[in-house]
1. With unit charges on the beta carbon (Lys/Arg positive, Asp/Glu negative), name the residue among 309, 208, 193 whose Cα is farthest towards the positive pole of the charge dipole of the range 180-312.
2. With only alpha-carbon atoms in the gyration tensor, what are the semi-axes of the equivalent ellipsoid for the chain, in Å, largest first?
3. At 222 nm, what helix-only mean residue ellipticity would the chain give, in deg cm²/dmol to the nearest 500, using -39500 (n - 2.57) for each DSSP H run of four or more?
4. Tell me, how many Å apart are the Cα centres for the range 136-195 and for the range 94-116?
5. Given the peptides 94-103, 39-48, 172-181, arrange them by the average over their residues of other C-beta atoms within 10 Å, most packed first.
6. For labels at residue 94 and residue 385 in the simple 7 Å Cα→Cβ model, what's the distance in nm?
7. With labels modelled as points extended 7 Å from the Cα through the Cβ direction, what inter-label distance (nm, one decimal) is found for residue 372 paired with residue 300?
8. I'm checking a number: the convex hull volume of the Cα atoms of the range 144-252, normalised per residue, in Å³. What is it?
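Read the figures in this text as sums done on the coordinates, not as results from a lab. On a predicted model such as this, the values are computed, not experimentally measured, just so you know. Note that we place each Cβ from the backbone using ideal geometry, even for glycine, and neighbour counts take in every protein chain shown.
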Amino acid sequence: MHRPPPPPPPDGPDALFGLQELLGTTEEPEPRPEPGGHELLDVTEIHAEPAAALSPRGRAIISRFPGARLIEVGSHWNIPHLHGNEGNADRWVRVKRQTLVLGVRKSFDVRPNGRSADWIAPGASNGCAMACAYCYVPRRKGYANPITLFTNVEEIIGALDRHIDGLGPKPEPNQCDPDRWVYDIGENGDCSVDALIGDGTAALVHAFRRRTTAKASFATKYVNPELLGLDPRGATRIRFSVMPPADSRLLDIRTSPVADRIAAAGDFLAAGYEVHFNLSPVVVRPGWEADWAELLRHMDDVLPPAVKAQAAAEVIMLTHNRELHEVNRTWHPRAEDVLWQPALQQAKRSQNGARNVRYRNEVKRESVARLTALIGTHAPWLRVRYAF
């Protein structure tokens, strides 16, 4: 009897791992929600490089989502139906909620910065489960850009150790910090959200707490109480990003309410973090000055004296991008009513080479001056480290 040839091995975005056998998940489990039913994440598919999936950290992450389908990918950067797929604009938030990528970081360059930090560390993640309409990260990776976690965090820590040892003590104070070299560990993601999934953020915080000449730093729009137990011992700076609540409700999709971020500052300071604030992004639109004044008065009213005594701020004016503008028109067009203002904006070549738009020089100069004046009036304790 003639037998048909066996089917070819699975390929492409629907290819399931042989790794499932190695991980002990050869039977397709019935989908069930993540323990706790977290509001940000309901992971149903995990795209993973084999080495990442088989690592101890990868196994631990996969075990947190027992109902998720494992999908093998050759590279976390090259998932055709995920990255660069315009169709994902119609399911922007769903991709961020349901999709997770695991990879192995290949490059460990430490880049100079001089603004938010002295140095940009090789990050332990890329992408985010939140969906801020102005975020620059989707510009780099293409469309919805869910969280990618790198499982080889120890290699990242090793690169940072070598860099810190090579620098020695900080020779003189600068606006980043008076005493220590500052390393931004979350340039392309949100470390607070990453900590909901894996222990990469904890490993980095623990690595820096043994350092006397350097500290970690990351910005966040999400209040994660689990971080309070990491005991950073003053060697990690958390920067809560804040903006007027009306702007946040429109633009900061899936983030913690601004009032919650501000209210958490005292708890994080007591837990051993340095606590700063990002006034970011500042969006120029009718009524923006009155709303920022109200926010600053709220911060002055509710923040404990200990937070005020050590706080500092970064003022970051909105930078936007034409490609992101077109994507937003698909999934969140109301955001573009305030983000896309050609009469106020001009072309900008960013440090990473991207072609973006920012406020015209005179608009930016006047807006920064006005906001810093509002800070002086309503929150004079809030030192502005830099504004751009």
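1. It is 208.
2. Equivalent ellipsoid semi-axes, largest first: 37, 25, 19 Å.
3. Roughly -9500 deg cm²/dmol at 222 nm, from the helical runs in the chain.
4. 9
5. Highest to lowest by the protection proxy: 94-103, 39-48, 172-181.
6. So the label points at residue 94 and residue 385 sit 4.0 nm apart.
7. 1.9
8. Measuring per residue, one finds 120 Å³ for the Cα hull of the range 144-252.
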